[in-house]
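Here's the structure, in structure tokens; my notes come after.
The values are calculated or read from the model by the stated rules, or taken from the named source; none is laboratory data. The model shown is predicted, which means the values in this text are computed figures rather than measured ones. Note: ideal-geometry Cβ built from the backbone for every residue, glycine included; neighbour counts use all protein chains shown. Remember, those area values only see protein heavy atoms, side chains included, never the ligands or the DNA or RNA. Shrake-Rupley method; radii C 1.70, N 1.55, O 1.52, S 1.80 Å.
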Amino acid sequence: MPVYTLPELPYDYSALAPVISPEIIELHHDKHHAAYVKGANDTLEQLAEARDKEQWGSINGLEKNLGFHLSGHILHSIYWHNMTGDGGGEPLAADGVGDLADAIAESFGSFAGFKAQLTKAAATTQGSGWGVLAHEPLSGRLIVEQVYDHQGNVGQGSVPILVFDAWEHAFYLQYKNQKVDFIDAMWAVVNWQDVARRYEAARSRTDVLLLAP
């Protein structure tokens, strides 16, 4: 039995148009995300075989493969729910996401400052990667992170709550090489209700990391 499965999209392929075309959504979810799920499952099987045969020379490469595919699966699973055709704007207390709005203002000074930082982080990630808004449990603050490929340059224990996919497969068919245009357009489909739920869940888990022995 596979350990990981491809989650269904929470909307149809055309739900995010014109920001993201139906063709991109279909290819991105059904092919790219599915490949990360398969890669994670295949690597778990290969690790089990390596243990059984005590083939420890392959462990380094297999662990890197697992991290790559599993992180890709996790980030994409967040990505789909972070977006909605009825999204955009900014989080407002009147919309029931006041705690998130307050946290953004406290952590970044203003929503405008946060938006500019996440936009730049996503757009300037070298090669393939992500821009991520994450809850950092030691300080309890929100931080922006750049994720290279699917890993790296992140604080251990931080929880991603809003992710912008800056890999070319996320936008190239529609935006060509204009990554910045794609990132700017993404703000129109952000699902702040989903981001707020993830923020509340991340805050509730802070003590897990900080438990004294």
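The residue that is farthest from Phe108 (Cα to Cα), among those in segment 125-164 that are within 14 Å of the chain's Cα centre (by Cα) and of a type in the set (Gly, Ala, Ser), is Ser128. Contact annotation: residue pairs with Cβ atoms under 6 Å, 6 or more positions apart or on different chains, pairing a residue in segment 41-55 that is assigned to a helix (DSSP H, G or I) with a partner that is open to solvent by 90 Å² or more (accessible area, probe 1.4 Å), are Asn41/Val3; Leu44/Val3.
Conditions (1) within 15 Å of Ala196 (Cβ to Cβ); (2) among the β-branched types (Val, Ile, Thr); (3) in contact with a Leu (Cβ under 8 Å, 6 or more places away or on another chain), marked per residue:
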{"position": "Tyr79", "(1), (2), (3)": "no, no, no"}
{"position": "Gly89", "(1), (2), (3)": "yes, no, no"}
{"position": "Ser107", "(1), (2), (3)": "yes, no, yes"}
{"position": "Ser128", "(1), (2), (3)": "no, no, no"}
{"position": "Leu133", "(1), (2), (3)": "yes, no, yes"}
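On the stretch given as segment 173-192, residues that are closer than 21 Å to Leu100 by Cα, out of contact with any Ser or Thr (no Cβ under 7 Å at 6 or more places or on another chain) and of a type in the set (Val, Ile, Thr) total 1.
Can you tell me which residues in segment 159-187 are aliphatic (A, V, I, L, M) and farther than 12 Å from Ala123 by Cβ? First the steps, then the outcome.
Initially, segment 159-187 is screened for residues aliphatic (A, V, I, L, M), giving 159, 161-163, 166, 170, 173, 180, 183, 185-186.
Result: Val159, Ile161, Leu162, Val163, Ala170, Leu173.
In this structure, is Leu118 touching a residue at least 12 places away in the same chain (Cβ under 8 Å), open to solvent by 50 Å² or more (accessible area, probe 1.4 Å) and at negative phi?
Taking the combined requirement at face value, the residue does not satisfy it.
Just one of (1) exposed (fewer than 14 other Cβ atoms within 10 Å of the Cβ); (2) within 30 Å of Thr84 (Cα to Cα); (3) not small (Gly, Ala, Ser) fails for Ile24. It is (1). The residue pairs whose first member lies in segment 167-185 and is free of Cβ contacts under 8 Å to residues at least 12 places away in the same chain, whose second member is open to solvent by 60 Å² or more (accessible area, probe 1.4 Å), and whose beta carbons are closer than 9 Å, counting only pairs six or more residues apart or on different chains, are Tyr175/Asp181; Asn177/Glu168.
Restricting attention to segment 2-16, does a residue exist that is small (Gly, Ala, Ser) and open to solvent by 30 Å² or more (accessible area, probe 1.4 Å)? Don't jump to the end; show me each part of the working.
In the first step, residues of segment 2-16 are kept if they are small (Gly, Ala, Ser); the result is 14-15.
Filter once more, so that each one left must be open to solvent by 30 Å² or more (accessible area, probe 1.4 Å): 14-15.
Yes, segment 2-16 contains a residue that is small (Gly, Ala, Ser) and open to solvent by 30 Å² or more (accessible area, probe 1.4 Å).
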